[in-house]
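Structure first, then comments.
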């Protein structure tokens with residue numbers, strides 16, 4: 001039987017910040033995300049489009065294997081069932097402001 005009113009979830013107290021959902025993260029991705037596939041290959045580029053199935057369209061896409069650049073593509077489409085995770089990439093000084 002469940003008790004009423006309270007939440008047993010960590011971070012649900014009054015001292016925490018705003019709760020972010022995965023959907024919030026996907027909406028906030030800007031710049032050049034890193035997409036890692038189940039095959040451990042990374043793709044980096046400009047996010048053009050993303051849908052609810054994690055199908056991803058990218059522009060100026062670069063393919064990295066074991067951290068080394070292997071190929072450059074203009075536009076790339078990545079099927080969502082191949083995606084292990086999406087991460088925001090860290091900016092470097094070479095990227096500019």
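The values are calculated or read from the model by the stated rules, or taken from the named source; none is laboratory data. All figures in this text were calculated on a predicted structure; none of them were measured in a lab. Here the Cβ positions follow ideal geometry from the backbone for every residue, glycine too, while neighbour counts run over all protein chains shown.
Values computed for the structure shown
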| quantity | calculated |
| --- | --- |
| Residue list for segment 80-89, restricted to those being assigned to a strand (DSSP E or B) and within 15 Å of residue 29 (Cβ to Cβ) | 83, 85, 86, 87, 88 |
| All positions within segment 17-34 that are under 20 Å from residue 82 (Cα atoms) and touching a helix residue (DSSP H, G or I) at 6+ places or on another chain (Cβ under 9 Å) | 32 |
| Output for segment 76-97, where each listed residue is more than 14 Å from the chain's Cα centre (by Cα) and at pLDDT below 95 | 91, 92, 93, 94, 95, 96, 97 |
